[in-house]
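Beneath this line is the structure, given in structure tokens, with notes to follow.
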Amino acid sequence: MLRTLAAAWLLYLIAGPCAAQTTWERNADWIEEQIEDCAEGWDATACRYFSARALRRLFGLPEVCSGESCMNPTQLVERIAKGDPWAELGAATDQAVLTQAQQMATGGLPVVAVNESIGWVVLVMPGPLHPSVRWRRNVPVAVGTRLDEPYASVYGQGLNFLFSDPSKVTLYVHK
């Protein structure tokens with residue numbers, strides 16, 4: 001009996017935490033590596049195709065990549081803005097939209113913030129909202145690359161670190 005309990009406890013310690021990991025936790029090293037490669041200028045494709053690759057890797061979305069070929073930011077923005085299977089949540093100027101985006105991302109859904117005018121797509125990460133003085137709102141954390149300033153790419157920072165003007169940002173969720 002004692003041996004069975006010990007074996008069960010050992011199995012829980014080995015398999016339990018791994019089984020409880022989220023897709024974000026399982027892929028954290030890969031995501032951080034991609035952001036670092038972009039920020040350091042080591043891999044231009046890490047910057048250009050990060051969002052599509054991350055959506056495929058984290059959520060298995062078939063429409064963002066075909067084989068090894070993934071959508072560039074402009075193509076991804078166009079695909080998301082078309083709608084189905086993406087649904088618009090609303091503008092980043094609305095605190096209720098930011099809160100809903102954070103809750104959906106924390107619940108495991110693919111949520112993105114898009115600036116159509118410059119062709120940027122960043123992923124909203126699970127986690128608490130953080131105050132942004134510049135946006136005068138509480139914002140979700142995000143991960144994304146900056147094509148204009150690769151060194152400013154971020155992992156686990158507020159949306160305000162990637163987008164300066166919330167009036168140009170729209171949030172979407174994948175249904």
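The values are calculated or read from the model by the stated rules, or taken from the named source; none is laboratory data. Since the model is a prediction, treat every value here as computed from it, not as a measurement. In this analysis, Cβ positions are derived from the backbone assuming ideal geometry, glycine residues included, and neighbour counts consider all displayed protein chains.
At-a-glance table
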read-out	value
Some residue of the range 139-153 being more than 21 Å from residue 34 (Cα to Cα) and of a type outside the set (Lys, Arg)	yes
Residues of the range 34-65 classified as surrounded by fewer than 14 Cβ atoms within 10 Å (Cβ to Cβ) and assigned to a helix (DSSP H, G or I), total	3
Scan of the range 148-170 for residues that are of a type in the set (A, V, I, L, M, F, W, C), within 21 Å of residue 40 (Cα to Cα) and either crowded, with 18+ Cβ neighbours inside 10 Å or in contact with a helix residue (DSSP H, G or I) (Cβ under 6 Å, 6 or more places away or on another chain) (or both), ordered by number	154, 159, 161, 162, 163
Verdict on residue 80 being outside any helix (DSSP H, G or I) and either at pLDDT 95 or above or not aromatic (Phe, Trp, Tyr) (or both)	no
Members of the range 108-132 found to be part of a loop (DSSP other than H, G, I, E, B), at pLDDT 95 or above and loosely packed, with under 14 Cβ neighbours inside 10 Å, listed by number	108, 128
